[in-house]
Amino acid sequence: MLAKAILIDEISRKPDLLRAELARLDGTLATLPCAGDCERAHPCSPQLAATCQGILDDFAVSLLALMQRQFAHEERHMKVLEHPHLRDVFERHKEAHANLTQSVASALVSESSRLQRYSLSDALSHWLTDHIATHDQALVQWLRQPA
């Protein structure tokens with residue numbers, strides 16, 4: 001079935017996409033004035049803090065958009081498969097997507113650049129190491145089973 005093959009291929013390519021995003025986050029953080037730590041013992045000037053916050057906000061918005069596109073695309077493919085067992089898998093998977101998306105959305109409203117920086121990094125790491133390794137791989141294993 002074409003939908004199964006497409007979903008397996010997309011899930012298989014996701015770790016590379018996320019590694020690129022993690023590298024981009026590391027690069028973004030490296031360019032932050034004050035290393036993104038405007039709450040340290042010697043606070044940044046308001047202008048420098050605003051620059052850091054703007055960079056972090058832009059990154060968070062980009063990450064959130066990427067997650068929403070990826071998750072919506074994946075969920076559309078899962079719906080097409082319409083299998084009784086897959087409905088439970090789909091619901092758990094969709095819930096995991098919602099939790100990951102919420103963690104990035106929460107980072108967007110953080111007043112602390114340090115907290116926001118760590119929240120974004122944690123969300124990406126969780127997506128890469130936990131979600132893909134557990135939820136996505138379980139789905140791929142199920143999809144690869146003979147019909």
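Within region 51-77, can you find the residues that are loosely packed, with under 12 Cβ neighbours inside 10 Å and either modelled with pLDDT under 80 or not charged (D, E, K, R) (or both)? Of everything in region 51-77, those that are loosely packed, with under 12 Cβ neighbours inside 10 Å and either modelled with pLDDT under 80 or not charged (D, E, K, R) (or both) turn out to be Gly54, Ala65, Ala72. Confirm whether Val104 is free of Cβ contacts under 8 Å to residues at least 40 places away in the same chain and either more than 17 Å from His85 (Cα to Cα) or surrounded by 19 or more Cβ atoms within 10 Å (Cβ to Cβ) (or both). So Val104 does not fit the description; no.
If you take the residues in region 9-34 that are more than 17 Å from the chain's Cα centre (by Cα) and buried (at least 17 other Cβ atoms within 10 Å of the Cβ), which one is modelled with the lowest pLDDT? That would be Cys34.
Somewhere in region 81-88, is a residue at pLDDT below 80 and either aliphatic (A, V, I, L, M) or in contact with an Asp or Glu (Cβ under 9 Å, 6 or more places away or on another chain) (or both)? Within region 81-88, one or more residues are at pLDDT below 80 and either aliphatic (A, V, I, L, M) or in contact with an Asp or Glu (Cβ under 9 Å, 6 or more places away or on another chain) (or both).
The values are calculated or read from the model by the stated rules, or taken from the named source; none is laboratory data. This structure is a prediction, so every number in the text was calculated from the model and none was measured. No Cβ is skipped: glycine too gets one built from the backbone with ideal geometry, and neighbour counts run over all protein chains shown.
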